[in-house]
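Scroll down for the structure; my scribbles are underneath it.
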Amino acid sequence: MAPNFYREIDLVKEQVIPPQQEVVLSSSAKEAAPQNIGSKTLSYELQDILGENKLAYGISLRTPEPLMNFFGKLRTSLTKTINCVEQKIDSSSKLYYDKERKITSAVAELHSDPREKLLPGFTYVLVASMSGSILTRNRNIFLRFTTPLLFGVSCFAYVLPTTFRNTKNLAYDVEKRNFPAFVQTQDNLYSGARKAVCSTAHYTSTFVSTVQKGYQKTNTAIKEWTGLNV
């Protein structure tokens, strides 16, 4: 039988490459033995640091455990730091957008009447406040503080009534949420003052009605007795 010079070579059986899905320790590889570099020799301690030489799928690999552990810890720490920074940025951004949305919605709710022109209205309020300051420039500190405020608030309520009402309700809600005891006292004082004003108006109206009736009766009696029209 003639020899077959063109036979197929089995690289695994010929031990040219390791079997598939297998990693073997290459103790006979060139990198595994100490090498002479000039007058120095690579020690086995350095080989322990660099790791054992292995052949994986025909590729020579080294796995230095200390370096892998060091960079693994470094990568884990860096990942945790980046995640923490991202969470802080996300929470800060969320808080900022929530505040911005609350402010914009509050401003939109305050100016609910499009017929009210804000720029001319606030110009009138500013002029009224400056007028109050000018009128009380030679007065005491109490008048110099309260008069411009009173003039400005009165002008605000007159030129921008809807915006003023919405602003007053918003201020009341904020005050009630932060200072409930003070708001309760304020409401009690307001209710008492309102009852006093209503009672005064009622008694005044009754008194005026009584005086008018007495006057009419007196006028009628004088007219009947004397014939004079008083």
Open item on the list: For the stretch 77-116 and the stretch 176-213, what is the centre-to-centre distance using only Cα atoms, to the nearest Å?
Closed with: 43
TODO: May I ask you to give the solvent-accessible area per residue for the stretch 122-218, in square angstrom, as obtained with a 1.4 angstrom probe?
DONE: 80
Task: For the stretch 150-230, alpha-carbon Rg relative to the globular expectation (2.2 N^0.38 Å, N residues) - done: 2.00
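Give me the percent of the accessible area of the stretch 122-218 that comes from carbon and sulfur atoms, probe 1.4 Å, all protein chains in place.
Values: 5130 of 7750 Å².
Carbon-and-sulfur percentage of accessible area, whole number: 66.
Mind checking the per residue accessible area of the stretch 68-110 for me, 1.4 Å probe, whole number of Å²?
Details: 3930 Å² over 43 residues.
The answer is 91 Å² per residue.
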Open item on the list: Could you compute how much accessible surface L149 exposes when probed at 1.4 Å, giving the result in Å² to the nearest 10?
Closed with: 100
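The values are calculated or read from the model by the stated rules, or taken from the named source; none is laboratory data. Just so it is clear, the model here is predicted, and its values are computed rather than measured. The accessibility values were calculated without ligands, DNA or RNA, using every heavy atom of the protein model including side chains. Shrake-Rupley method; radii C 1.70, N 1.55, O 1.52, S 1.80 Å.
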